[in-house]
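The values are calculated or read from the model by the stated rules, or taken from the named source; none is laboratory data. Note that the structure is a prediction, hence the values are computed from the model and not measured. Quick reminder, even Gly has a Cβ in these numbers, built from the backbone with ideal geometry, and neighbours come from all protein chains shown.
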Amino acid sequence: MEKTLAIIKPDAVRAGAIGNILARIEKEGFRIAAMKMIYMTKAQAKGFYYVHKGKDFFEDLTDFMSSGPCITLILEADNAIDRWREVMGKTDPAIAAEGTLRKLYGANIQNNATHGSDATDTAAFETAYFFNALEGV
């Protein structure tokens with residue numbers, strides 16, 4: 001069983017899409033190992049997205065991610081990282097495949113409804129960033 005981090009971003013939370021996204025997660029066969037609603041501070045968002053520091057979108061991204069509550073989840077499944085990325089769709093909703101979460105709920109490349117880890121090492125960092133051992137890591 002592989003673990004990955006998933007985030008329902010502030011835009012999707014504001015739009016009332018939490019229930020639909022959670023239903024899709026379960027329909028796709030993921031096990032939700034941990035889940036909580038958080039409100040990231042700007043500093044926490046900067047820590048989470050530290051790999052993008054210095055890029056032109058870093059400040060806007062961290063402003064957005066600290067603009068409202070998010071739902072953070074640890075998902076488990078065989079090949080969870082790749083499967084979750086497939087369910088989310090491409091980062092830019094304009095080019096994401098029909099039926100993907102980002103196509104359904106995303107507005108643009110930044111406000112794209114969901115986040116998912118892109119590799120096992122980032123999944124380990126990201127799950128530990130939001131969850132401690134008692135919460136599912």
Looking only at region 91-137, and only at residues there that are touching a residue at least 60 places away in the same chain (Cβ under 8 Å) and touching a Ser or Thr at 6+ places or on another chain (Cβ under 7 Å), the one that is surrounded by the fewest Cβ atoms within 10 Å (Cβ to Cβ): Val137
- prompt: With region 9-84 as the region, which helices (runs of 4 or more DSSP H) entirely inside it contain at least 3 residues that are under 23 Å from Ala96 (Cα atoms)?
  reply: 10-14, 18-27, 58-65
- request: Name the one entry in Met37, Met88 that is within 16 Å of Thr114 (Cβ to Cβ), surrounded by 19 or more Cβ atoms within 10 Å (Cβ to Cβ) and not aromatic (Phe, Trp, Tyr).
  value: Met88
Given (1) modelled with pLDDT of 95 or more; (2) in a loop (DSSP other than H, G, I, E, B); (3) under 20 Å from Asn20 (Cα atoms), number of the condition Asn108 does not satisfy: (1)
query: Can you name every residue in region 62-93 that is farther than 20 Å from Arg24 by Cα and either modelled with pLDDT under 95 or small (Gly, Ala, Ser) (or both)?
result: Ser66, Ser67, Gly68
task: Report whether or not Tyr105 is of a type outside the set (Asp, Glu) and either touching a Phe, Trp or Tyr at 6+ places or on another chain (Cβ under 7 Å) or more than 22 Å from Pro10 (Cα to Cα) (or both).
output: no
